[in-house]
Structures are given as C-alpha cells and as structure tokens.
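Asks: One structure follows; several queries about it will come next.
The values are calculated or read from the model by the stated rules, or taken from the named source; none is laboratory data. What you see is a predicted model; the values in this text were computed from it and never measured. Here the Cβ positions follow ideal geometry from the backbone for every residue, glycine too, while neighbour counts run over all protein chains shown.
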Amino acid sequence: MKSIARAGAMLAALAAPIALSAQPAPKPKLIVAISVDQFSADVFAEYRPMFKDGLHRLQDGVVFPSGYQSHAATETCPGHSTILTGSHPARTGIIANNWFDLSLKRDDKKVYCSENPEAPGSTSDNYVVTTGMLKVPTLGDRMKQADPAARVVSVAGKDRAAVMMGGHNTDQIWYWGGKTYVTLPERSEREKPRAVDQINARVAGTIARPHKAALPAQCRGRSFAVPVSEKQSVGELADRKAEDFRSFRAAVDFDAATADLAIALLKDMKLGQGASTDLLIVGLSATDYVGHGFGTSGAEMCTQMVGLDANIGRILAALDAAGVPYAVTLTADHGGHDLPERNRQRGFADAERADVALLPANFGKALGEELGLTLKGPLFYGDGPFGDWYLSREVPDAERPRILQMARAHLLAHPQIAAVLTKEELRRVADPKPPVEEWDLAQRARASFDPERSGDLNVLLKPHVTPITKPGQGYVATHGSPWIYDRRVPILFYRPGTPGFEQPLSIETVDILPTLAALIDLKIPVEEIDGRCIDLDRTAASTCK
C-alpha cells in the first residue's frame with residue numbers, strides 16, 4: 001500500500017502546475033542533437049551528482065533518466081540509427097555494427113554498417129564510407145525536404161555516428177578518420193571549411209606531445225587497480241605517449257576536438273541565423289572508448305565524465321553566444337556494462353567472459369566435425385559469440401533445417417546462452433509496441449530484425465556474460481546485449497527559458513524525432529516511423545499537435 005501511495009504522490013507531483021515565464025519560448029531556429037556514445041542510464045545516475053556544467057544545466061530541462069534503446073542489438077550503429085529517424089533498426093536496416101552478406105563476390109563477407117561494399121577495394125576493416133545502408137530518412141533529410149534552405153551539419157568522433165544521425169543529405173559531415181577529421185569520399189575538398197584544417201592542426205599538435213594524466217579531485221576515491229590479466233589492470237589513470245592515436249580516442253581531448261569543430265561550424269555557418277531552421281548534430285565518442293578500454297567505473301570513466309560535462313558546457317555557451325532560439329536533445333546510442341572482473345568484486349557472481357567455444361568459427365568447426373561436413377569455408381559466419389549467425393551457403397538447402405536445429409540445441413545446452421531465435425521465428429513476431437520495458441527477448445530481437453540482412457540464428461547471451469572472450473586489442477568491456485544495462489539511456493530535452501520536469505517512466509530514443517519535429521511544426525507521417533511525440537510542456541499548451 002505504501003508503494004501505491006508513493007506512486008500516487010509522484011503522479012500528482014508530475015501533474016502539478018508549473019509557473020510559466022512571462023513570454024512563451026519562440027520556435028527554435030536551431031535544433032542541436034548530441035549523442036554520447038555508451039552513456040548508459042546507469043553511468044548517468046552514478047556520475048550525476050558531480051555534474052556542474054553542461055550536463056548539470058541540461059537537467060533544468062525535461063529529463064527522462066531511464067529511456068530506452070529498445071532493441072536487442074545494442075551497438076553503436078543501430079543505436080545511432082534510431083535517434084533521428086524515429087525508427088527501430090528493423091526499419092532503418094541497421095541491424096548491427098557488422099553483418100554478413102554471403103552473396104558478396106569479394107572474399108570478405110562481413111559488411112560494416114557505414115560501408116559501401118560495392119566500392120572497389122572496400123573491405124569491412126578498410127571501408128569506403130557511405131550513407132547508403134540507412135534505409136530511412138533522418139530528421140535532417142525531412143527538414144531539407146520540407147525546406148531546401150534548411151542546413152544540416154553532422155560532426156562526430158565516429159563515421160557511423162555522423163552518418164546515421166546526419167542522414168543522406170547533409171550540408172557538412174565530418175568524422176574522425178583515424179588521424180584527422182574527414183568527410184564522405186564523394187565530397188569535394190573545395191567544400192572543406194577553414195575550421196576543419198584548423199582543428200586538425202590543433203589535434204595533430206596535441207597528439208604529437210605526451211600527455212601527463214591529471215586525476216580530478218572528485219575522482220580520487222575511484223582510483224584503484226582492478227587486475228584483468230597477469231599483465232593488465234585498469235582503474236588508475238595512465239599517461240599518454242606521444243603519437244598514440246589509439247589512446248587519444250579514449251581521452252577528454254577527443255571529445256573536446258569534436259566539440260571545437262561543431263562550435264566552429266556553428267559560428268562560421270551562422271547556423272540558426274537564417275530564415276530557415278537548421279540542425280546541428282554532435283556525436284561525442286570518447287565515453288565509448290573509455291568504457292571498452294577501462295570499464296564504466298574507475299578513475300578513467302570518472303575523469304571522462306568530468307570532461308564530458310565541461311565539453312557540453314562549452315557547446316551550450318556557444319549556442320547562447322549565437323543569440324538564436326535553440327533546442328537541445330541529448331541521449332546515447334546504447335548503454336554499457338562494466339568489466340566482469342570488477343563486477344565480481346561488487347558481488348555479481350555470474351559475471352564472466354564468454355566461452356571461446358561460443359565463437360562462431362569454433363562452434364561451427366566443432367559441429368561440422370560432429371556432422372562429418374567438409375566445407376571450404378566456415379560453417380557459421382558471425383561477428384562474435386552473440387547476435388546474428390549465418391549458415392554457410394555451401395550447406396545444401398535440404399540439410400539446412402536439420403543443421404540449424406542441431407546448432408540451436410547445442411547452443412541452448414550451453415550454460416551461458418539465454419535464447420536462440422531463428423529467422424523464421426522472428427518473422428512471425430509482431431512489431432512490438434510500448435511499454436518497451438515489458439518486451440520479452442523475442443520482441444527485443446524483432447526490433448532489430450531485417451529479413452534481408454539478419455542471420456539464420458540470433459544468439460543471446462545470459463546477463464552479465466561479457467562477449468569479449470579474453471581482453472585484447474585494448475578492450476576489456478563492451479555492450480550489445482538485450483539486457484537493461486545495455487538498453488537504458490538518458491534522454492534529455494532543453495530549451496532556455498522553458499520550464500522543465502523529470503519523468504521516471506520510460507520513453508524510447510525513437511520518440512526523439514517526432515518530438516523535435518513537433519517543436520518546429522514539421523509534419524511526420526506516423527505510419528513511417530515507430531516513435532511517438534512526447535509532450536515537453538506540462539501546461540495546457542501541448543508541444544505535440
């Protein structure tokens with residue numbers, strides 16, 4: 001009864017009237033969409049008390065601390081594809097960071113989500129970037145269709161973030177290419193703003209010098225070593241060597257450079273100062289590299305959160321200085337989970353790394369030997385011990401159902417496997433509808449299922465099983481599961497001078513597009529998207545029309 005009473009009090013508080021400013025906020029002339037890669041609801045909640053700058057200010061707006069990336073494939077590319085399309089990956093076609101197309105003529109059957117696999121010389125590792133894999137329009141595409149004078153600028157630390165949020169018709173699109181910020185291959189160098197060369201030169205100078213680690217005072221209590229292997233531990237800041245491009249990606253400096261480029265383009269292009277409404281997209285990627293390299297807790301993530309707060313503060317200050325009516329949304333492409341070694345220290349007895357026997361190549365080899373199969377290539381193609389697995393086309397059609405049935409039975413017998421869903425099963429699952437927190441595993445998988453691109457099997461690991469079988473290449477932790485720690489993300493909306501509130505109930509990232517569209521009177525056919533408009537005004541004047 002007490003919980004019911006508390007719930008009633010909370011709802012009553014949400015329904016209470018709010019004092020309005022004397023003048024209603026003008027229609028935004030600039031929409032700013034910020035994505036923080038691997039910024040889970042858990043990380044937001046853990047570090048929220050220490051935010052003093054940009055993230056603190058955004059909390060004066062409308063705060064949904066536990067929103068959802070609804071789908072099972074909680075990876076960077078699918079997540080970014082939902083934020084400004086209003087559509088689940090099942091509709092965007094972006095089912096994972098990588099999938100397999102066994103019909104490709106090249107030897108490399110893996111396809112990177114922002115790759116043009118038909119481009120000469122393109123491979124899944126050394127790819128030619130394209131927007132062509134995204135099957136639906138973004139907010140920017142729709143804005144320009146309604147008003148060709150609207151300008152769309154997308155800047156990010158990853159190409160897949162810039163592409164999936166920017167869409168097919170950006171005026172400027174820039175992303176980190178490994179050593180400098182670059183644009184799409186088909187874009188002419190004549191389009192390059194002066195600011196890009198300036199930022200690239202500044203970044204080159206930063207990377208060329210060694211960097212002495214500086215632990216913020218508020219992070220000292222989180223600095224302690226967690227052994228990962230005999231040769232590796234995490235949890236304590238380390239200095240960065242000169243010319244260490246890989247470590248630069250997991251540094252506050254990386255987000256600072258992306259923010260600097262966004263701010264420079266905001267000023268140089270005078271975004272929001274014309275007759276049309278413009279869109280500025282900013283993808284901050286360092287948090288993801290920190291999460292992968294060091295986990296979601298510890299001195300490294302704490303330091304990153306302090307820097308993230310400051311970098312977002314600089315973006316907001318630049319928006320204020322521009323003197324135009326603006327609206328900001330901030331969210332994440334997915335959540336994340338801490339490394340199993342630290343999770344076990346915290347009492348998660350089931351936290352462990354995936355069995356190497358579950359790697360598709362190893363599993364397929366063992367099953368092939370059991371069945372007496374002789375194939376030129378692997379029996380199963382997959383990007384890891386979870387997600388989409390593809391049965392070799394060398395297997396005759398008559399044998400495929402039997403082999404898939406055996407594979408499924410063997411996988412389900414493994415103690416780390418939660419579920420194995422076939423393509424035919426997922427075809428029969430209806431498109432899931434809210435409330436998203438009540439979706440079962442099949443519905444979560446259905447939200448990232450594309451019959452043209454998805455595998456023959458969808459393999460789902462149990463909670464707290466990290467799909468990195470052993471730490472390597474700098475990665476100790478990851479995401480990608482259908483579990484709550486990977487699905488929940490904060491979703492924030494902010495307009496200067498408008499009253500805010502906090503809503504603990506769930507919304508989805510697919511709700512961002514229709515909500516922003518309503519702010520600028522952009523009509524979106526409801527049948528073309530999966531999201532719904534969220535009312536950002538708790539007064540009689542609804543923002544959803």
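Asks: Can we say Ser70 is more than 19 Å from Gly291 (Cα to Cα) and outside any helix (DSSP H, G or I)? Write out each step before concluding.
Replies: Values: more than 19 Å from Gly291 (Cα to Cα): yes; outside any helix (DSSP H, G or I): yes.
For Ser70, the condition - more than 19 Å from Gly291 (Cα to Cα) and outside any helix (DSSP H, G or I) - is met.
Asks: Return the total of residues in the range 369-426 being free of Cβ contacts under 8 Å to residues at least 40 places away in the same chain and on the phi > 0 side of the Ramachandran plot.
Replies: 1
Asks: List the pairs whose first member sits in the range 329-340 and is aliphatic (A, V, I, L, M), whose second member is modelled with pLDDT under 95 and part of a helix (DSSP H, G or I), and whose Cβ atoms are under 8 Å apart, counting only residues at least 6 apart or on separate chains?
Replies: Sorted first by the residue in the range 329-340, then by its partner, the list stays empty.
Asks: Can you confirm whether Ala150 is out of contact with any helix residue (DSSP H, G or I) (no Cβ under 6 Å at 6 or more places or on another chain), among the hydrophobic types (A, V, I, L, M, F, W, C), under 20 Å from Pro28 (Cα atoms) and touching a residue at least 40 places away in the same chain (Cβ under 8 Å)? Step through it out loud before you land on a result.
Replies: Numbers: out of contact with any helix residue (DSSP H, G or I) (no Cβ under 6 Å at 6 or more places or on another chain): no; among the hydrophobic types (A, V, I, L, M, F, W, C): yes; under 20 Å from Pro28 (Cα atoms): yes; touching a residue at least 40 places away in the same chain (Cβ under 8 Å): yes.
Spelling it out, it is not the case that Ala150 is out of contact with any helix residue (DSSP H, G or I) (no Cβ under 6 Å at 6 or more places or on another chain), among the hydrophobic types (A, V, I, L, M, F, W, C), under 20 Å from Pro28 (Cα atoms) and touching a residue at least 40 places away in the same chain (Cβ under 8 Å).
Asks: If you check Gly368, Gly335, Gly364, which single one turns out to be in contact with a helix residue (DSSP H, G or I) (Cβ under 6 Å, 6 or more places away or on another chain) and at pLDDT 95 or above? Talk me through it step by step, then tell me what you get.
Replies: On the way: Gly368 fails: in contact with a helix residue (DSSP H, G or I) (Cβ under 6 Å, 6 or more places away or on another chain); Gly364 fails: in contact with a helix residue (DSSP H, G or I) (Cβ under 6 Å, 6 or more places away or on another chain).
Checking each option against the conditions leaves just Gly335.
Asks: Next up: Surrounded by fewer than 20 Cβ atoms within 10 Å (Cβ to Cβ) and either over 29 Å from Gly384 (Cβ atoms) or at pLDDT 95 or above (or both): which single residue out of Pro89, Pro17, Pro78 fits that description?
Replies: Values: Pro89 fails: surrounded by fewer than 20 Cβ atoms within 10 Å (Cβ to Cβ); Pro78 fails: surrounded by fewer than 20 Cβ atoms within 10 Å (Cβ to Cβ).
The unique qualifying residue is Pro17.
Conditions (1) under 23 Å from the mean Cα position of the chain (by Cα); (2) surrounded by fewer than 23 Cβ atoms within 10 Å (Cβ to Cβ); (3) small (Gly, Ala, Ser); (4) assigned to a helix (DSSP H, G or I), marked per residue:
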site	(1), (2), (3), (4)
Glu230	no, yes, no, no
Ala256	yes, yes, yes, yes
Ala264	no, yes, yes, yes
Leu280	yes, no, no, no
Ile312	yes, no, no, yes
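Asks: Here's another thing I want to ask about it. In the range 391-415, which residue that is assigned to a loop (DSSP other than H, G, I, E, B) and among the charged types (D, E, K, R) is nearest to Phe100 (Cα to Cα)?
Replies: Taking the range 391-415 first, the residues assigned to a loop (DSSP other than H, G, I, E, B) are 392-396, 413-415.
From what is left, the residues that are among the charged types (D, E, K, R) are 393-394.
Working: Arg393: 12, Glu394: 15 Å.
Checked the range 391-415; the qualifying residue nearest to Phe100 (Cα to Cα) is Arg393.
Asks: Give the residue that is surrounded by the most Cβ atoms within 10 Å (Cβ to Cβ), with candidates limited to residues of the range 322-354 that are among the small types (Gly, Ala, Ser) and in contact with a Ser or Thr (Cβ under 7 Å, 6 or more places away or on another chain).
Replies: So in the range 322-354, the residues among the small types (Gly, Ala, Ser) come out as 322-323, 327, 332, 335-336, 347, 349, 351, 354.
Now drop any that are not in contact with a Ser or Thr (Cβ under 7 Å, 6 or more places away or on another chain), which leaves 332, 335-336, 354.
Working: Ala332: 31, Gly335: 28, Gly336: 28, Ala354: 22.
Looking at the filtered set, the residue picked out is Ala332.
Asks: Tell me which residues, restricted to the range 116-131, are over 16 Å from Ser154 (Cβ atoms) and of a type outside the set (Ser, Thr, Tyr). Break it down into steps so the answer makes sense when it comes.
Replies: Of the residues in the range 116-131, the ones over 16 Å from Ser154 (Cβ atoms) are 116-128.
Listed by number, the residues that qualify are Asn116, Pro117, Glu118, Ala119, Pro120, Gly121, Asp125, Asn126, Val128.
Asks: Answer yes or no as to whether Ser481 is surrounded by fewer than 23 Cβ atoms within 10 Å (Cβ to Cβ), closer than 26 Å to Ala419 by Cβ and small (Gly, Ala, Ser).
Replies: Working: surrounded by fewer than 23 Cβ atoms within 10 Å (Cβ to Cβ): no; closer than 26 Å to Ala419 by Cβ: yes; small (Gly, Ala, Ser): yes.
For Ser481, the condition - surrounded by fewer than 23 Cβ atoms within 10 Å (Cβ to Cβ), closer than 26 Å to Ala419 by Cβ and small (Gly, Ala, Ser) - is not met.
Asks: Anything in the range 170-192 that is at pLDDT 95 or above, farther than 23 Å from Gln38 by Cβ and touching a strand residue (DSSP E or B) at 6+ places or on another chain (Cβ under 7 Å)? List them, or say none. Show your work before the answer.
Replies: As a first pass, look at the range 170-192 and keep what is at pLDDT 95 or above: 170-184.
Subset that is farther than 23 Å from Gln38 by Cβ: 170-172, 180, 183-184.
Once the filter is applied, which keeps residues that are at pLDDT 95 or above, farther than 23 Å from Gln38 by Cβ and touching a strand residue (DSSP E or B) at 6+ places or on another chain (Cβ under 7 Å), the range 170-192 yields Thr170, Asp171, Gln172, Thr183, Leu184.
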